[in-house]
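Just below is one structure, and these are the notes that go with it.
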Amino acid sequence: MRATQVIEFGDPHVLVPVRLPDPVAGPGEVLVAVEAVDTLVVETQIRAGWGRDYFPIAPPYVPGSGVAGTVRALGDGVDPDWTGRRVAASLDLSGGYAELVAVPVGALTAVPDQVSLTDAAALVHDGVTALTLLRATDLRPGERVLVLGASGGMGTVLVQLAKAAGARVVGTARGDRKIALVRELGADAVVDASRPDWVEQARAALGGTGADVVLDGVGGATGAAAFPLVANGGRFSAHGAPSGGFSEVDPDAAAARGIRLFGIADVQLPADERARLVARALEEVAKGALRPVIGATFPLDQAASAHRAIESRELLGKAVITV
């Protein structure tokens, strides 16, 4: 089968098209003919060599941990009804940049007929993470939420879901195109994070008293600058690190103001729960209540271009690889 491997840690040129043996579905697995593959900022960081303490993976490896496609073959013990079904699945760190992948049946989610496989792949991770964050932070109708990095793949989902939950949504984005997108998705206000006074602008947009919930998908200095915007008794989630590191927040300072802290560990879920939340996200798409924003698609042998597009920070929403 065709695939793309990371042959060594480095810049996107280390993503190389290769031929590999076809995988075989083992007991309790299905073989999926992949049609679309999710791409994540963290996958570009891992490829570059970041996060080796967190992600036990080494070259050569096939990246891609979220796929959508059609079930081609079944392993022993799998219900025959899965044959030929359109599915989405989250993999264990790698394997998705390929024509075929073996997936445990417990990780599968059936894709509704109204949803494209490209849209399904785009939500395998971001839909699950967004739903989990809103549940963990207990966002309620009428509350004020600040979404950092609101024009990214997950940010765009968070804006839509938070607005649907009845919250007042303020997003941050950089540049006119991204700001316009976040407004289009329903944000009540959008702040240009490239402005030196963006924190003051965000505070004003939040009504002057701060946010009940801050969802930090950016990390680093941006997340740290946003922490004072959390109202006393609020919630702060530092789940993103595209800036190169998660936001560092003093737990004692948070406790003194009654602020609950959340991090990446709070969105780690077992496979069956992930599959359930993927199904919920896809149901919202089928109903027309959620729109994954895909800025560009790239064929499998141009995976390096997908990574370059993500790293350029110019892309609206997500990049998806098509097979």
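The values are calculated or read from the model by the stated rules, or taken from the named source; none is laboratory data. The structure presented is a predicted model; accordingly, all values stated were derived computationally and were not measured. Note: ideal-geometry Cβ built from the backbone for every residue, glycine included; neighbour counts use all protein chains shown.
Can you name every residue in the range 89-112 that is among the aliphatic types (A, V, I, L, M) and assigned to a strand (DSSP E or B)?
So in the range 89-112, the residues among the aliphatic types (A, V, I, L, M) come out as 89, 91, 93, 98, 100-103, 105, 107-108, 110-111.
Once the filter is applied, which keeps residues that are among the aliphatic types (A, V, I, L, M) and assigned to a strand (DSSP E or B), the range 89-112 yields ALA89, ALA98, LEU100, VAL101, ALA102, VAL103, LEU108, ALA110.
For the range 224-249, enumerate the residues that are surrounded by 13 or more Cβ atoms within 10 Å (Cβ to Cβ) and more than 30 Å from ARG47 (Cα to Cα).
Within the range 224-249, LEU229, VAL230, ALA231, GLY234, ARG235 meet the criteria.
Quick one: how many residues across the range 222-251 are over 22 Å from ARG135 (Cα atoms) and touching a Ser or Thr at 6+ places or on another chain (Cβ under 7 Å)?
Here is the first cut: in the range 222-251, the ones over 22 Å from ARG135 (Cα atoms) are 222, 224-225, 228, 242-245, 248, 250.
From what is left, the residues that are touching a Ser or Thr at 6+ places or on another chain (Cβ under 7 Å) are 222, 224, 243.
Final tally of qualifying residues: 3.
Search the range 43-59 for residues being among the aliphatic types (A, V, I, L, M) and more than 18 Å from SER90 (Cβ to Cβ), and hand back the single one that is surrounded by the fewest Cβ atoms within 10 Å (Cβ to Cβ).
Only one residue fits best here, namely ALA58.
Of the numbered conditions (1) outside any loop (DSSP other than H, G, I, E, B); (2) buried (at least 24 other Cβ atoms within 10 Å of the Cβ), ALA150 fails exactly one; give the number of that condition.
Failing condition for ALA150: (1).
For the range 47-78, what are the residues that are hydrophobic (A, V, I, L, M, F, W, C) and in contact (Cβ under 8 Å) with a residue 40 or more places away in the chain?
TRP50, VAL62, VAL67, ALA68, VAL71, ALA73, LEU74, VAL78
Go through the range 250-285 and count every residue that is part of a loop (DSSP other than H, G, I, E, B) and either without any contact (Cβ under 8 Å) to a residue 24 or more places away in the chain or surrounded by 19 or more Cβ atoms within 10 Å (Cβ to Cβ) (or both).
Our first condition is that a residue be part of a loop (DSSP other than H, G, I, E, B); within the range 250-285, this holds for 250, 257-259, 268-270.
Still in the list and also either without any contact (Cβ under 8 Å) to a residue 24 or more places away in the chain or surrounded by 19 or more Cβ atoms within 10 Å (Cβ to Cβ) (or both): 250, 259, 268, 270.
So the count comes out to 4.
Out of the range 203-232, which residues are without any contact (Cβ under 8 Å) to a residue 60 or more places away in the chain and in a helix (DSSP H, G or I)?
ARG203, ALA204, ALA205, GLY220, ALA221, ALA224, ALA225, PHE227, PRO228
Could you tell me whether any residue of the range 112-127 is hydroxyl-bearing (Ser, Thr, Tyr), within 15 Å of VAL285 (Cα to Cα) and surrounded by fewer than 24 Cβ atoms within 10 Å (Cβ to Cβ)?
Checking the range 112-127: at least one residue is hydroxyl-bearing (Ser, Thr, Tyr), within 15 Å of VAL285 (Cα to Cα) and surrounded by fewer than 24 Cβ atoms within 10 Å (Cβ to Cβ).
Every residue, every condition in (1) closer than 19 Å to LEU290 by Cα; (2) in contact with a helix residue (DSSP H, G or I) (Cβ under 8 Å, 6 or more places away or on another chain); (3) of a type outside the set (Asp, Glu), yes or no:
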{"position": "GLY171", "(1), (2), (3)": "yes, yes, yes"}
{"position": "GLY175", "(1), (2), (3)": "no, no, yes"}
{"position": "ASP188", "(1), (2), (3)": "yes, yes, no"}
{"position": "VAL191", "(1), (2), (3)": "no, yes, yes"}
{"position": "ASP197", "(1), (2), (3)": "no, no, no"}
{"position": "ARG203", "(1), (2), (3)": "no, yes, yes"}
{"position": "THR209", "(1), (2), (3)": "no, no, yes"}
{"position": "ASP212", "(1), (2), (3)": "no, no, no"}
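Among the residues that make up the range 193-202, is at least one of them farther than 17 Å from LEU134 by Cβ, out of contact with any Cys (no Cβ under 6 Å at 6 or more places or on another chain), buried (at least 16 other Cβ atoms within 10 Å of the Cβ) and without any contact (Cβ under 8 Å) to a residue 12 or more places away in the chain? Full working, then the answer.
In the first step, residues of the range 193-202 are kept if they are farther than 17 Å from LEU134 by Cβ; the result is 193-202.
Pick out the ones that are also out of contact with any Cys (no Cβ under 6 Å at 6 or more places or on another chain) and you get 193-202.
Okay, now just the ones that are also buried (at least 16 other Cβ atoms within 10 Å of the Cβ), so 193, 198-199, 201-202.
Retained after the next criterion (residues that are without any contact (Cβ under 8 Å) to a residue 12 or more places away in the chain): 201.
There is at least one residue in the range 193-202 that is farther than 17 Å from LEU134 by Cβ, out of contact with any Cys (no Cβ under 6 Å at 6 or more places or on another chain), buried (at least 16 other Cβ atoms within 10 Å of the Cβ) and without any contact (Cβ under 8 Å) to a residue 12 or more places away in the chain.
Quick one: would you say VAL67 is of a type outside the set (Lys, Arg), at pLDDT 95 or above, part of a loop (DSSP other than H, G, I, E, B) and buried (at least 19 other Cβ atoms within 10 Å of the Cβ)?
no
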